[in-house]
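Below is one structure, written out as structure tokens; the observations come after it.
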Amino acid sequence: MTSSTYRSPVNDDPTLDISLVVNGRPVEASVSPRLLLSDFLRHHLGLTGTHVGCEHGVCGACTVHIDGRAARSCLTLAVQLDGATVRTVEDLEGPDGSLSPVQEAFRDCHGLQCGFCTPGFLMSVTALLDEDPDVADASDTEIRERIAGNLCRCTGYQGIVAATRQAAETIRDAKEQADVPTRG
Amino acid sequence: MKPSRFEYVLPRSIEEAVAARVEYADTVVLSGGQSLVPTLNFRLSNPEAVIDLRLVPGLADVRVDGDWIHVGGRTRQRDLELDDAVHAANPLIRETLHHVAHPVIRNRGTVGGSIAHADPSAELPCLLLCLDGEVVAHGPGGARTIDAQDLFEFILSTTLEPDEILTEVRFPVLPERTGWCFTEFARRHGDFALAGVAATLTLAEDGTIAWGQLAACGVTTTPVRLVAVEDALLDGAADPSRIREIAQLAADVVTVPDDESCSSAYRRDLLVGLVERALRTSLQRATERATARTSREVTS
């Protein structure tokens, strides 16, 4: 995953050089200013885990992390990311291929049906729980509000809400375990 | 490629940014991009040049200074929402931001971007108008200040000149003995609301209502002050039992015709209900604040 030889269909666009970090690896590329981050990830870097749904910021399928915060990759130009750090769904699993707590919970709770919205949900929920593991104590209505920025057209929300809660519990338990030695 | 071809301009200073505004015939300013990029993706907007503000220094600074909260135009909505000093100075700001789209959008969307975009359904223009805030615009002749009441002209249209850039948004600190409320109704949390109301209500020393400031979004071609309601609050120390009656006076500002979301009649009723709720919540909070202040004075 280094600088790309991919040529866009409109290959006479002037390009700009950008360098950024994607999933922990440095990436350098020359891109048209009108290339969206979502298309850069999928077409230039082959990271097709980031899905593209509505392409105007409504569905959330293309959610990635930019500089540690969840963001819509379809509402960001690749050239805006010069110097930034991007994390995609491909980076959620551990080095040994083990699932992250959020991925594990989506599998356990049937949080996916067709799976198209799943990468976006995984990235949104991962960012949400990084910020606030107390979501474990939230009501179902609150959880629905917190993840309302992602749509599931299979309408499989019951499983998604349950998965969010289970992942929150797992993450909070892990944090509490990690905190025990420092308390003594 | 979704957007049509454009020149990408990356200025390092506000002067360079304004110069690009002048140089190209048709420019748009990229701040957070959460409203702009969808219009580019759909080619509703096909500008000659996109001016990205991300390297212009100082545009994301936030400070509370005396009676004013100064917010750099490129400040992320999420950063303003999480700013505790801002929240202490004016809690209506955080309450309003909780209704702006979803957290994932607020992570990128900016305060100045939303206000300059001037969507009549958007919450931040409504907040600015309610609070009698102001904005600073930089143009070829330097900077000027524009009062919120002189800023919003029509749907997606402001009195900013085509060669100007909005660089700062100023919200007043909430006065003493003042309550606040932002409330709206949307089909799904985070969607554009069918209607929304921002309110502040200030009590006199004797605990009666001195004055109120209210603005609504989603009901006409711009955010709009609810002048009839404000006048009624001034009139005769506004007995709280009259709040329902006073709220009825908001209905006439609605000009949105029947649309796919709801009828015009429904929107009028909805607005009245939201105004009533906003007034009651503001009154309760104003009373709590005034009481807390009095008891602090007694104990100290």
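Throughout, read-outs are computed from the coordinates displayed, never taken from laboratory work. No experiment lies behind these values; they were computed from the predicted model shown. Cβ atoms come from the backbone with ideal geometry, glycine included; neighbour counts cover every protein chain shown.
Give me D for region B:180-300 in µm² s⁻¹, whole number, from Stokes-Einstein with Rh from the Kirkwood sum over alpha-carbon pairs, 25 °C and 0.890 mPa s.
Values: Rh = 15.0 Å.
The diffusion coefficient I find is 163 µm²/s.
Ordered by the number of other Cβ atoms lying within 10 Å of each residue's own Cβ, fewest first, B:HIS138, B:HIS189 fall into the sequence B:HIS189, B:HIS138.
Kindly state, as a whole number, the per residue volume in cubic angstrom of the convex hull around the alpha carbon atoms of region B:7-52.
Working: hull volume 2.8 nm³, N = 46.
Each residue corresponds to 61 Å³ of Cα convex hull volume.
For chain B, the mean projected area of the C-alpha convex hull, equal to one quarter of the hull surface, is 16.5 nm². Relative protection proxy for B:51-58, A:94-101, from highest mean packing down: B:51-58, A:94-101 (other beta-carbon atoms within 10 angstrom). For region B:58-94 and region A:110-184, write down the distance between their C-alpha centroids in whole Å. The distance from the Cα centre of region B:58-94 to that of region A:110-184 comes to 29 Å. Amide H to amide H distances under 5 Å link B:TRP68 with B:VAL173, where only residues 5 or more positions off or on other chains count and H is placed in the peptide plane. Each residue, B:MET1 and B:LEU82, gets one label point 7 Å from its Cα in the Cβ direction; the gap between the two is 3.5 nm. Comparing region A:1-155 with the 2.2 N^0.38 Å rule of thumb, its C-alpha radius of gyration ratio is 1.08 (two decimals). Spin-label model, A:GLU104/A:ASP82: points 7 Å from Cα along the beta carbon direction are separated by 4.2 nm.
Pick out, from B:TRP211, B:THR294, B:THR200, the residue whose Cα sits farthest towards the positive end of the charge dipole of region B:178-299, with +1 on the Cβ of Lys and Arg and -1 on the Cβ of Asp and Glu. Toward the positive end, the furthest listed residue is B:THR294.
Note: region A:101-176, Cα convex hull, 72 Å³ per residue. If you wrap the tightest convex hull around every Cα atom of region A:16-91 and split its volume per residue, you get 74 Å³. Only one residue of A:GLY149, A:GLY83, A:VAL161 has its Cα farthest out toward the positive end of the dipole of chain A, where Lys and Arg carry +1 and Asp and Glu -1 on Cβ, and that residue is A:GLY149. Where a ≥ b ≥ c are the square roots of the eigenvalues of the C-alpha gyration tensor, would you call region B:100-152 rounded, which needs a/c under 1.5, or, failing that, prolate if a/b is larger than b/c, or oblate? Oblate shape, in that a/c is at least 1.5 and b/c is the bigger or equal ratio.
Peptide A:53-61 has a mean of 4 when you count, residue by residue, the C-beta atoms of other protein chains within 10 Å of its C-beta.
Provide Rg over Rh for region B:133-211; use the alpha carbon set for both Rg and the Kirkwood Rh (inverse mean inverse pair distance). Before the final figure, lay out each step's value.
Details: Rg = 17.0 Å, Rh = 15.6 Å.
My calculation puts Rg/Rh at 1.09.
Along the axis of the charge dipole computed for region B:1-99 (Cβ charges of +1 for Lys and Arg, -1 for Asp and Glu, origin at the Cα centre), the listed residues B:LEU92, B:SER31, B:TYR8 are led at the positive end by B:TYR8.
If I take every Cα pair under 8 Å that is 6 or more residues apart in region B:62-171, average their sequence separation and divide by the length, what percent do I get for the relative contact order? Can you show the working numbers first?
Numbers: 188 pairs, mean separation 32.2, N = 110.
Worked out over region B:62-171, it gives 29 percent.
For chain B, the 222 nm mean residue ellipticity estimated from helices alone, with every DSSP H stretch of n ≥ 4 adding -39500 (n - 2.57) and the total spread over all residues, rounds to -10000 deg cm²/dmol.
At a Cβ-Cβ separation cutoff of 4.7 angstrom, cysteine residues of chain B with no neighbouring cysteine are B:CYS130, B:CYS181, B:CYS262.
With +1 assigned to the C-beta of every Lys and Arg and -1 to the C-beta of every Asp and Glu, and no other charges, what is the dipole magnitude of the protein assembly as shown about the Cα centre in debye, to the nearest 20?
On the way: 44 positive and 70 negative charges, 179 e Å.
Approximately 860 debye in magnitude.
For region B:178-299, a simple Cβ point-charge model (Lys and Arg +1, Asp and Glu -1, everything else neutral) yields a dipole of about 400 debye relative to the Cα centre.
Looking at chain B as a GNM with Cα springs under 10 Å, which of B:ARG43, B:ARG106, B:ARG225 has the largest mean-square fluctuation? Sorting by GNM fluctuation, first place goes to B:ARG43.
Annotation for B:SER263 and B:ARG242: the two label points, set 7 Å from Cα along the Cα-Cβ direction, are 3.1 nm apart. Alpha-carbon geometry of the protein assembly as shown: the Rg and the Dmax are 23.9, 75 Å, given in that order.
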